[in-house]
1. Would you list which lysines come within 28 Å of Lys380, measuring only between C-alpha atoms, while excluding same-chain residues fewer than 8 positions from it?
2. Taking neighbour Cβ counts within 10 Å as the exposure measure, how do Thr390, Thr308, Thr166 sort from fewest upward?
3. Sort 286-299, 373-386, 31-44 for me by packing, meaning the mean count of neighbouring Cβ atoms within 10 Å per residue, highest on top.
4. Find me the longest stretch of the chain that has none of the exposed GluC sites (Glu not before Pro), where exposed means in a DSSP loop (not H, G, I, E or B) with at most 15 other Cβ atoms within 10 Å.
5. Helix-only mean residue ellipticity at 222 nm, the chain, DSSP H runs n ≥ 4 weighted -39,500 (n - 2.57), per residue, nearest 500. What is it?
6. What net charge is computed for the residues neighbouring Gly254, neighbours being all others with C-beta under 14 Å from the C-beta of Gly254, Lys and Arg scored +1, Asp and Glu -1?
7. May I ask for the Rg/Rh ratio of the chain, computed from Cα atoms with Rh as the Kirkwood radius, given to two decimals?
8. Taking the number of other C-beta atoms within 10 Å as the exposure measure, put Leu178, Leu364 in order starting with the fewest.
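Every number here is computed from the coordinates shown, using simple stated rules; none is lab data. All of these numbers come straight from a predicted model, not from anything done at the bench. Every residue, glycine among them, receives a Cβ derived from its backbone with ideal geometry; neighbour counts consider all protein chains shown.
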Amino acid sequence: MASVQSLHQGVPPALSAKVVESFAYLTVRDRFPTILTRVIDTIHRSKNKFFEEYGEEGVQAEKRAISFLSKLRNEMQTDKPVLALSDGLEDTDSWNQYLLRQQSLMGDQDSVSWFKSPWLYVECYMYRRIHEAIWLNPPICDFDAFNEGKTQSYFESQQAVIALCTYLQGLHRNIGELSESHLLEQFLKLLQVSLWGNKCDLSISAGQDNSQKANPIDSLADLRPFILVDDSNMVLSTLTSAQRQGESGQPSAGRVDIVLDNAGFELITDLVLAHFLVSSGLAREVRFHGKSIPWFVSDVTAHDFQWTIRQTLAANHKWMSKSGAQWQSFVREGVWSYHDHPFWTLPHEYCDMAADAPDLYATLQGADLIIFKGDLNYRKLVGDRDWEHTVPFDRALRGFGPAPLCSLRTLKANVQVGLQHGQGENLSVQEPGWMTSGKYAVVQFFSPHREQ
Ligand code: F6P
Ligand code: MG
């Protein structure tokens with residue numbers, strides 16, 4: 001395979017590291033075709049629905065989309081060059097410029113192709129091409145081929161959702177009477193629930209069932225040893241100091257932004273954490289950031305966000321439906337809001353955000369804390385590079401830091417920073433798959449205001 005050198009432009013070599021590519025070939029060859037085949041199958045099975053909605057035009061669109069996706073699968077499996085996008089959407093130019101940038105790094109000898117590209121890039125590119133295939137085929141252009149899996153994962157986690165909503169309502173009823181230490185203890189618990197919620201993504205299982213069956217609160221103590229880095233106390237002190245500023249009259253204090261990852265059970269854990277933040281006074285406002293197109297199988301879109309709240313409200317369980325009703329009021333009153341931006345579905349590393357999406361960067365600067373959920377966000381935070389495990393998290397961020405931020409991530413990809421000397425090496429000896437199994441997790445924090 002051709003060697004792909006460090007991609008980030010303008011970063012001194014000492015602050016950078018080579019992009020992760022070793023895993024790319026294996027996932028492009030094994031997992032990507034499985035995901036594409038499932039998408040093709042879902043579109044095919046929806047033929048009757050398309051006919052009912054759009055008549056013969058819908059059936060023709062289904063055929064064209066399938067032929068586009070079959071061609072894409074063939075390009076991928078036979079290592080064809082990565083092609084420019086042709087759908088004229090608002091992010092098309094950014095994608096095509098990124099391809100040129102990749103090509104210039106490869107030199108003249110080789111073209112950027114599926115096996116000879118950084119893993120992060122081709123993986124994002126595959127999801128963007130799936131979107132292109134559907135978008136270019138009206139009238140089915142709004143179809144979310146991953147919707148079925150996302151809703152199924154929500155329903156399959158029902159018992160765990162009930163357990164969590166019941167726990168939340170117990171806390172909500174007594175929130176005014178909780179001692180400060182009890183309140184903080186509950187925050188740390190719900191932060192961990194949201195952390196482990198990230199085990200439930202569908203892209204790691206290529207769309208197979210990966211829902212939560214057990215009561216998540218009961219599992220926390222057993223999971224504790226698998227948290228490799230735990231900066232939760234720093235997260236908490238950031239929130240409490242923002243809360244104090246709010247009490248002393250600073251009107252904008254107390255905003256938490258959550259950069260969401262997966263729909264289904266993980267989203268419920270994020271909503272429960274956000275509920276606790278606003279009802280305890282640790283935050284005044286929560287802004288959720290989701291994806292504007294279907295992404296990495298299970299990532300949250302605006303539709304998933306609204307659907308999840310409506311579905312929870314409509315549930316035939318007292319505490320679930322009460323939680324759903326409160327979530328809907330938070331949204332109506334503007335205490336919670338949902339946002340998306342095309343940058344979240346570009347292949348760019350987050351250290352590029354200030355230059356490539358300055359409006360999003362400026363928005364994030366208004367937060368007191370940004371929580372980044374999941375593995376893909378982590379890869380983009382640290383640039384999916386072959387870092388030494390002991391490289392500090394702040395260094396791997398390479399200048400990204402619009403506000404204090406925290407990553408809640410279960411490990412599913414070959415990149416991990418901020419470990420103690422020997423920690424990574426020991427794990428590699430004991431458990432060779434520790435970086436990709438989703439069994440381990442990190443809570444990593446960085447503040448641009450803190451003395452480093
Ligand atoms: O491991 C497969 C994979 O698709 C990774 O490429 C990606 O980083 C991850 O799953 C997605 O996980 P998450 O939903 O936690 O971002
Ligand atoms: Mg995801």
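1. Result set, ordered by chain and number: Lys18, Lys80, Lys116, Lys150, Lys189, Lys199, Lys291, Lys412, Lys439.
2. Ordered from fewest to most neighbouring Cβ atoms within 10 Å, Thr390, Thr308, Thr166 come out as Thr390, Thr166, Thr308.
3. Descending mean neighbour count gives 373-386, 286-299, 31-44.
4. Here the longest run is 91-332.
5. Calculated at 222 nm, the ellipticity per residue is -16000 deg cm²/dmol.
6. Overall, the nearby charge balance is 0.
7. 0.96
8. In increasing order of surrounding Cβ atoms, one gets Leu178, Leu364.
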